[in-house]
Amino acid sequence: MFGSYEWNKKLVIRTVASWALALLVFFPILFMLVTSFKTELQAIAVPSLWVFEPTLENYTEVQDRSDYLHFAWNSIITSVLSTILGLLIAVPAAYSFAFAPTKRSKDIMMWMLSTKMMPAVGALIPIYVICQKLGLLDSVFALTIIFTMINLPIMVWMLYSNFKDIPREILEAARMDGATLWDEFRQVLLPLSMGGIASTGLLCLVLSWNEAFWVLNLTSANAGTLASLVASYSSPEGLFWAKLSAVSVLAIGPIVVFGWFSQKQLVQGLTFGAVK
Amino acid sequence: MKIKQLAMAVAGALTLSAASIASAETELVIATVNNGHMIEMQKLSSKFEEANPDIKLKWVTLEEGTLRQRVTTDIATKGGQFDIMTIGMYEAPIWGKKGWLKPLEFDASYDVEDILPAVRDGLSADGKLYAAPFYGESSMLMYRKDLADAAGIKFEGRPTWDQVAEAAEKMTDKDNGVYGICLRGKPGWGDNMAFLTTMANSYGAQWFDMDWKPQLTSEPWKNAITDYVDMMTKFGPPGSSANSFNEILALYNEGKCGMWIDATIAASFITDPEQSKVADKVAFAQAPQKATDKGANWLWAWSLAVPESSKKSAEAMKFIEWATSKDYIKMMGEEKGWGKVPTGTRASTYANEDFQKAAVFADAEIAAIKSANPNDSTLNESPYVGVQFAAIPEFQAIGTAVGQQMSAALAGKVSVEEALEAAQKAADREMRRAGYYE
Amino acid sequence: MSSPDQESRLTQRLLLTPAVSTLLLWMIVPLVMTIYFSFIRYNLMQPDASGFVGWSNYEFFITNPAFGDAVFNTLLLLGSVVIITVTFGLALALLINDPFPGQGLVRVLLISPFFIMPTVNALLWKHMMMNPIYGVLAQISVFFGTEPINWLQDLPLFSVIIMLSWQWMPFACLIFITSLQSMDKEQLEASSLDGATFWQQFRYLYLPHLARPMSVVIMIEVIFLLSVFAEIFITTSGGPGTASTNLAYLIFAEALLNFDVGAASAGAVFAIILANIVAIFLIRMIGKNLEN
């Protein structure tokens, strides 16, 4: 893996600095990962232990106590569906803002963002009452809709920013060739903005995955996601850091692995060299 | 084509999750706190399901603060999400009085009289029991026997605060990371104020006088908080203003604290060698007194109640009866060991010889619980019920605001007097808003 | 008869409809209810007492002694986290933009804090990192023979800022990384050949290119940071005193600690007003970056 690089002093410095900073940023997570294999007593030891006999007891305890797959399934369903639904609504809107702006476009975009400005907790009682009246408390459906709504403004904004990077001439050229809106979207816009769409999607996936406030307050026994699993391990009476670490690792595991696999697509989707 | 398949999958997934709700058996949704005893109950509940095949239990386990928010929102909006709620001694009488909870009635075999009277009273309103205690706790002094011996200190029965302050000084050995005394400091009515109210009680203070006027600037409060801040600044661990039960437990189990006054439930953690480095060096005494021993230690019971909105109250009560029965405690003792049974609820538990042998803290705990009386917890007469709280709806707001001021005083950001002035103002504001006086 | 061009314009407008209408519904209904609640007496614990109370909820919320501090802390928190995350996010994105061994892995490591749930983030920092006795930072201090910093007691707001920056820096970084991919490589190479220094390139090539993503990052972060409360609740409960209380925490305390929906709704309305003021300032400052 080192062969293909032309090594010089600059590259060495850059590599070392990047790795050092990345590890520094990642350190708390690494610490959590290590803690998840400790016993509760080892977890609070001073100084922190780095060499110890790892135990899986925290993980077995979590699986013993709660149905991890049930929560994980709910997380996957709500975050994936809300991301897809959100993209279906946001892509056309962002397209319109980016390529057919009017005088009011900026105002509408600003207004969209302002729908997120009300603190969630201020709207809790209204939403709770509405959900209850509609029989939507503790339903995956309601969570999916809410996730879509809270992420929609962000999706529109990110996609807008991304579409703006695409030279209008390319789209116009396609239109000259008689492409319909759909063709234009599929054959020109989509390939060019794949990176942006992917990163928007990933961010919404992560935001939905980690959304805790609405999950905790609107679900009970059925629709809880991994955020409510984490909540059931946070701060009980007694020592809990090792178990919380284990459950957190389980909760973020799928999304980190997903991020790992998708990061190449995320940043390499947009290759301008090809169209110039 | 692809979109169609996707839509099918989506529809399938949604119906799947909807279908699981509609099953033939009665499903009880239980909201509970994620403390150890509840987790054990959840694990053992399969036995209940075996005995009652027509009942299926679904658990919502949450951390204390979140649970309180969740069940309060639900019961007040009549959301009907839960059939059984885990609540404490603060909520039970208030909610019972409002008619939000179903009164509990049990068979004679359940032996309601066996429930400790102070606990039973605290969970009742107008003579009706609204919540059945699952485990109860008081507060007590837990200290390091080895350090006390080395310093030549002996605690007997209920020490005084002066003795505790003296002991704290002698036990402190900062060079070796030992702090004489660890106490709660994180703001919150259930965090630092639970402890500080008992300390203030023992100094002769009270939250409200008989006209419901807040008394926070009174002499006893001033003395109590001054001593608290003084002691913690000199002999307490750094960062105390962010410490509550768990943070101190971690310190204690690491051997960093000489004394700790907190929930009796802590005893089972600090004497457990799997969690604690000092498991064999712990001894217990009653929470300290100063002007009085009234209200010097708190009383709390995590209890199970049935909201009025539940349509399955018969089944819910059946479960509560099972979970809070003598048989449950016996089963727990036989299966997991008598040291791990839920305590603080029934006189029969403390009479059990196996329990007495297994739980070194049993005597201190029952003495503490018996000495707590929510109806008479202050030196001067008070209009409210509750030891470490006042069972009025406004108290959460007041306790939270006052708690913040106390943590500021502990952190040295304001003087004790300024903090109490501000606390008094905050309490007065809430009481005025609620219309207790003009 | 409309021209084909007009027709396509119309289609393009219609594309907006789903987003606008759903958001309108999502916003209007709770907003109207919140405004309604803010004018009635509504405490979850005392549902029997109700009725129109005029402005008294607003008065009650604003005369809270913590109110002034809360507004100040909100803005301070907002400003510092945005500045920290954008600066570091940008620096890191530039650092790892060109290929080097392990680039993909470094990218994932840098982005991963964003995957951590806010509650876990707060517990992780409070207990494992910042505890003055057994936290990692304290151990480092002890190793170097200095007095451990008493993070949550002496620097409560700064501690919260660190936690939030740790979480949001990856977000900024990811957006900048994505955007840097569309930089004109030829132009960069040409400028290098012309002997441009990195700072010149940064000033005249990178910065203009990143202006829009930067604005977007700032906008989005502002929205999220205005309503942060979970991290504060878990770590300091707004204390000591009101040192780390922000507006969202104050509203949270009214709504879910005191269950005073009336006062909380009044607070929410005030928060919306504050947010809009911030937004107007932002638009003035960075709005022009949004255009081409």
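Annotations
- Meets criteria (surrounded by 23 or more Cβ atoms within 10 Å (Cβ to Cβ) and either under 25 Å from the mean Cα position of the chain (by Cα) or assigned by TED's automatic domain parsing to the domain that holds B:Gly236 (or both)) for B:Asn176: no
- Taken as a whole, the range B:213-224 holds no residue that is among the β-branched types (Val, Ile, Thr) and either surrounded by 24 or more Cβ atoms within 10 Å (Cβ to Cβ) or not assigned by TED's automatic domain parsing to the domain that holds B:Asp272 (or both).
- Of all the listed residues (B:Gly204, B:Gly258, B:Gly177, B:Gly239), the sole one being in contact with a Lys or Arg (Cβ under 9 Å, 6 or more places away or on another chain) and over 27 Å from B:Glu365 (Cβ atoms) is B:Gly177.
- Restricting attention to the range B:401-421 and to residues that are surrounded by fewer than 23 Cβ atoms within 10 Å (Cβ to Cβ) and facing chain C (nearest Cβ under 7 Å), the residue that is modelled with the highest pLDDT turns out to be B:Val414.
- Only listed residue being surrounded by 15 or more Cβ atoms within 10 Å (Cβ to Cβ), of a type outside the set (A, V, I, L, M) and out of contact with any Lys or Arg (no Cβ under 8 Å at 6 or more places or on another chain), chosen from B:Pro93, B:Pro117, B:Pro53, B:Pro103: B:Pro93
- Counted residues, the range B:366-385 - those being in contact with a Ser or Thr (Cβ under 7 Å, 6 or more places away or on another chain) and crowded, with 24+ Cβ neighbours inside 10 Å: 3
- Helices (runs of 4 or more DSSP H) contained entirely in the range B:191-284, each with at least 2 residues that are under 16 Å from the mean Cα position of the chain (by Cα) and closer than 17 Å to B:Val360 by Cβ: B:266-270
- A count restricted to the range A:108-152 and to residues that are at the interface with chain C (Cβ under 7 Å from one of its Cβ atoms), in a loop (DSSP other than H, G, I, E, B) and of a type outside the set (A, V, I, L, M) stands at 3.
- Residue list for the range A:42-81, restricted to those being farther than 13 Å from A:Ala251 by Cβ, more than 19 Å from the chain's Cα centre (by Cα) and of a type in the set (A, V, I, L, M, F, W, C): A:Ala43, A:Ile44, A:Ala45, A:Val46, A:Leu49, A:Trp50, A:Val51, A:Phe52, A:Leu56
- Leading residue by the ranking (nearest to B:Gly344 (Cα to Cα)) among those in the range B:86-140 that are part of a helix (DSSP H, G or I) and among the hydrophobic types (A, V, I, L, M, F, W, C): B:Val119
- The single residue among C:Ile272, C:Ile220 that is at negative phi, in contact with a Phe, Trp or Tyr (Cβ under 8 Å, 6 or more places away or on another chain) and at the interface with chain A (Cβ under 9 Å from one of its Cβ atoms) turns out to be C:Ile220.
- Enumeration of residues in the range C:74-133 that are under 23 Å from C:Met214 (Cα atoms), more than 9 Å from every other protein chain (Cβ to nearest Cβ), among the small types (Gly, Ala, Ser) and touching a residue at least 12 places away in the same chain (Cβ under 8 Å): C:Ser80, C:Gly89, C:Ala93
- When A:Asp107 is tested against (1) surrounded by fewer than 20 Cβ atoms within 10 Å (Cβ to Cβ); (2) in contact with a helix residue (DSSP H, G or I) (Cβ under 9 Å, 6 or more places away or on another chain), only condition (2) is not met.
- Set C:Phe115, C:Phe158: member being under 25 Å from the mean Cα position of the chain (by Cα), of a type outside the set (Lys, Arg) and closer than 30 Å to A:Ser161 by Cβ: C:Phe115
- Residues located in the range A:230-259, provided they are touching a strand residue (DSSP E or B) at 6+ places or on another chain (Cβ under 9 Å) and either more than 11 Å from chain B (Cβ to nearest Cβ) or outside any loop (DSSP other than H, G, I, E, B) (or both): A:Ala231
- Residue within the range C:190-210 that is buried (at least 24 other Cβ atoms within 10 Å of the Cβ), within 10 Å of chain A (Cβ to nearest Cβ) and touching a residue at least 24 places away in the same chain (Cβ under 8 Å) present: no
- Test: residue in the range B:24-45 that is modelled with pLDDT under 55, more than 7 Å from every other protein chain (Cβ to nearest Cβ) and in a helix (DSSP H, G or I): no
- Complete set of residues in the range B:422-438 that are among the acidic types (Asp, Glu) and either surrounded by 22 or more Cβ atoms within 10 Å (Cβ to Cβ) or under 24 Å from B:Gly96 (Cβ atoms) (or both): B:Glu430
- Scope the range A:198-226; condition more than 13 Å from the chain's Cα centre (by Cα) and assigned to a helix (DSSP H, G or I); matching residues: A:Phe213, A:Trp214, A:Val215, A:Leu216, A:Asn217, A:Leu218, A:Leu226
- The residue that is farthest from C:Val20 (Cα to Cα), among those in the range A:81-113 that are of a type in the set (Ser, Thr, Tyr) and free of Cβ contacts under 8 Å to residues at least 24 places away in the same chain, is A:Thr102.
- Residue within the range C:10-32 that is away from chain A (no Cβ under 12 Å) and farther than 20 Å from A:Pro119 by Cβ present: no
- If the condition is being facing another protein chain (nearest Cβ under 10 Å), of a type in the set (A, V, I, L, M, F, W, C) and within 28 Å of B:Lys336 (Cβ to Cβ), then the range B:238-256 contributes B:Phe245, B:Leu249, B:Ala250, B:Leu251.
- Subset of the range B:381-438 [under 19 Å from the mean Cα position of the chain (by Cα) and not in a helix (DSSP H, G or I)]: B:Tyr384, B:Val385, B:Gly386, B:Val387, B:Gln388, B:Phe389, B:Ala390, B:Ala391, B:Ile392, B:Pro393, B:Glu394
- Residues of the range A:173-193 satisfying the condition of being within 11 Å of chain C (Cβ to nearest Cβ) and in a helix (DSSP H, G or I): A:Arg175, A:Leu181, A:Trp182, A:Glu184, A:Phe185, A:Leu192, A:Ser193
The values are calculated or read from the model by the stated rules, or taken from the named source; none is laboratory data. All of these numbers come straight from a predicted model, not from anything done at the bench. Cβ: placed from backbone, ideal geometry, glycine included. Neighbour counts: every protein chain shown.
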